[in-house]
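The values are calculated or read from the model by the stated rules, or taken from the named source; none is laboratory data. All values reported here derive from a predicted model rather than from experimental measurement. Cβ placement follows ideal geometry from the backbone for every residue including glycine, while neighbour counts extend to all protein chains displayed.
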Number of protein chains: 2
Amino acid sequence: MISSAVLGIDVGGTSIKARLADAAGITCGEWREPTPIGDSSGERTAAVIRGMLEVARGERAVEAVGLVVPGIVDERSGVCIRAVNLGWLDVPVRDIVQSHIDVPLAFGQDVRAGALAECLTGAAAGVAGTVAFIPIGTGLASALIVEGFVMSSGGWAGEIGQVVISSGPHTGHRVEEIASAGGMAQRAGEASALAVAELVLRGDARATSIWNDGVAVLAEAMAWIFAVAAPDMFVLGGGLTEAGGLLLDPLEREFAARLPPTRPPVIARAVHGDAAAMIGATYLARRLLAAGDLP
Amino acid sequence: MISSAVLGIDVGGTSIKARLADAAGITCGEWREPTPIGDSSGERTAAVIRGMLEVARGERAVEAVGLVVPGIVDERSGVCIRAVNLGWLDVPVRDIVQSHIDVPLAFGQDVRAGALAECLTGAAAGVAGTVAFIPIGTGLASALIVEGFVMSSGGWAGEIGQVVISSGPHTGHRVEEIASAGGMAQRAGEASALAVAELVLRGDARATSIWNDGVAVLAEAMAWIFAVAAPDMFVLGGGLTEAGGLLLDPLEREFAARLPPTRPPVIARAVHGDAAAMIGATYLARRLLAAGDLP
């Protein structure tokens, strides 16, 4: 073992991803394990994490683990209040996982950790002020970083996908049913939103309608985020952004149509892709170690 | 002159209000002057403020002035980027006013100063976490205070009244045209939103429709604020809140209908009324003096 490192772990609905990063942030190893099914207590997930830590220790001495999980996550109490994908309800994840491992554990939420990664070393690196991160995936959520401070509000901030649409053709639907990648794919009966994008490029009318609906509702959410918090930059993540101009051009138009002349925010694609949350988890671990160095 | 004090000044569209507060925060005097009309440079407004300072000095030694103005206000640069009511466009208000007076000047925006007043000594006193303040007046704006930090984002945060409605019967209208007190009064052809409320209580169908529209759009704005930032408390200000349950009961229902089961925020009426911004201005002045005491 040449030098010490931290292990970032991102628990998702289907897999648990881990990245080992050395003191310079260089990746020294990546692993993936299936997420235990029906692990309502979090104990089996903790056991998988312990196993991944043991494997990582074959590569480097691990000084700390950074763990991020999805859903409504209160970083201060270390509790996952709700994660539908994992069947978690008020699970004290931090304490459970800490009891399985013998190095310090930093704990956070996946979207906010991804935002941190994009702010520190991604699309928003060097942007002072306010950054909004929106990963467009199976669901839709957001994170706000204000001058380096990650807004959580006890875990409830950023649930933009859960707003119930109250007028127009989608009344009664939640925003993420129309505007997430998963929602668009499901409405179109396709395997993915990129498959929907393919149909749009071929001129399919129904796919185009579903795509336009998604863009409009996403623009609506972004207009409200701007009205409330005025980010200098929106960073859009998730595979959907691979559609490029097919997504971003109409999105910028729909966004501008919902606001009066204003300081236009930059709308940028995320850099870290699916790894953002895991990379953010390594930063949380580093920050925990740095805080420990304080007098 | 018994003791020293600070002077808080709130520049509005029709009048400039000033409050002299001693070191304990007790009011020792209040004054009001008409806002100079067509003062696009800010110079005449500065002269009025200098005059108010001289008058206040007849009561107490004034250690600092806190000044708040409406519109899009960048606290850091001291510039009012846009205040439609005052005809101001990129006016360096802080420098102009400072050049007219010989005590330190703290500078801010009226809505955010009002939020500070409600958080320190008003409806949200003692609330840790996140507070959203929404004064419902001629227009509609909001301010977020997150653990004592007032979000500004260069002055652009909180312009919720400017979002253009994009579906339903009010498509193309801005939110404040439907949901502000001024907007409701104008739609109904009444002198004030409270006059509209009177008609609602008497069963007037048209007034009831306008009132319900306003409540629904306000609830929509609040649902988005909650989705983005998850305030622990909403503090509603402005004369409209005098309508009490006629406003708050349907508002809570409409708000709840737009969100899934969640940690319900408290929805409270503001305490400081029209004086909130002026009181906040005195706090800005006190804070400036306290910062000056630091090494």
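Key figures for this structure:
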| read-out | value |
| --- | --- |
| Single unsatisfied condition, B:Phe226 versus (1) surrounded by fewer than 19 Cβ atoms within 10 Å (Cβ to Cβ); (2) within 14 Å of chain A (Cβ to nearest Cβ) | (1) |
| Selection within segment B:234-268 - in contact (Cβ under 8 Å) with a residue 12 or more places away in the chain and within 11 Å of chain A (Cβ to nearest Cβ) | B:Glu254, B:Phe255, B:Ala257, B:Arg258, B:Leu259, B:Thr262, B:Arg263, B:Pro265 |
| Test: B:Pro135 is within 17 Å of the chain's Cα centre (by Cα), without any contact (Cβ under 8 Å) to a residue 60 or more places away in the chain and within 27 Å of B:Val164 (Cβ to Cβ) | no |
| Any pair with Cβ under 7 angstrom, 6 or more apart, that starts in segment B:77-92 at a residue that is among the acidic types (Asp, Glu) and ends at one that is outside any strand (DSSP E or B) and at pLDDT below 95 | none |
| Test: residue in segment B:147-169 that is under 20 Å from the mean Cα position of the chain (by Cα), over 15 Å from B:Gly71 (Cα atoms) and of a type in the set (Gly, Ala, Ser) | yes |
| Qualifying positions in segment B:117-150 - within 9 Å of chain A (Cβ to nearest Cβ) and surrounded by fewer than 24 Cβ atoms within 10 Å (Cβ to Cβ) | B:Gly129, B:Val146, B:Glu147, B:Phe149 |
| Within segment B:73-86, considering residues that are farther than 20 Å from B:Ala275 by Cα and among the aliphatic types (A, V, I, L, M), the one surrounded by the fewest Cβ atoms within 10 Å (Cβ to Cβ) | B:Val84 |
| Options B:Ser180, B:Ser167, B:Ser153; residue that is within 12 Å of chain A (Cβ to nearest Cβ), in contact with a Ser or Thr (Cβ under 9 Å, 6 or more places away or on another chain) and at negative phi | B:Ser167 |
| Only listed residue being crowded, with 18+ Cβ neighbours inside 10 Å and over 24 Å from B:Glu177 (Cα atoms), chosen from A:Ala191, A:Ala185, A:Ala216 | A:Ala185 |
| Where A:Arg202 falls short, out of the listed (1) away from chain B (no Cβ under 14 Å); (2) in contact (Cβ under 8 Å) with a residue 24 or more places away in the chain | (2) |
| Unique residue being assigned to a helix (DSSP H, G or I), crowded, with 18+ Cβ neighbours inside 10 Å and within 14 Å of chain A (Cβ to nearest Cβ) when the list is B:Val111, B:Val97 | B:Val111 |
| Qualifying helices (runs of 4 or more DSSP H) (wholly inside segment B:154-244; at least 1 residues being under 30 Å from A:Val215 (Cα atoms) and aliphatic (A, V, I, L, M)) | B:175-179, B:205-229 |
| Residue list for segment A:58-91, restricted to those being out of contact with any Ser or Thr (no Cβ under 6 Å at 6 or more places or on another chain), of a type in the set (Gly, Ala, Ser) and either part of a strand (DSSP E or B) or not assigned by TED's automatic domain parsing to the domain that holds A:Thr27 (or both) | A:Ala64, A:Ala83 |
| Test: residue in segment A:268-280 that is closer than 30 Å to B:Phe133 by Cα, in a helix (DSSP H, G or I) and in contact with a helix residue (DSSP H, G or I) (Cβ under 6 Å, 6 or more places away or on another chain) | no |
| Residue satisfying all of: in segment A:135-153; in contact with a Gly (Cβ under 9 Å, 6 or more places away or on another chain) and part of a loop (DSSP other than H, G, I, E, B); farthest from B:Ala223 (Cα to Cα) among these | A:Glu147 |
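Every residue, every condition in (1) in contact with a Phe, Trp or Tyr (Cβ under 9 Å, 6 or more places away or on another chain); (2) polar (S, T, N, Q), yes or no:
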| position | (1), (2) |
| --- | --- |
| B:Gly29 | no, no |
| B:Val93 | yes, no |
| B:Thr121 | yes, yes |
| B:Gly129 | no, no |
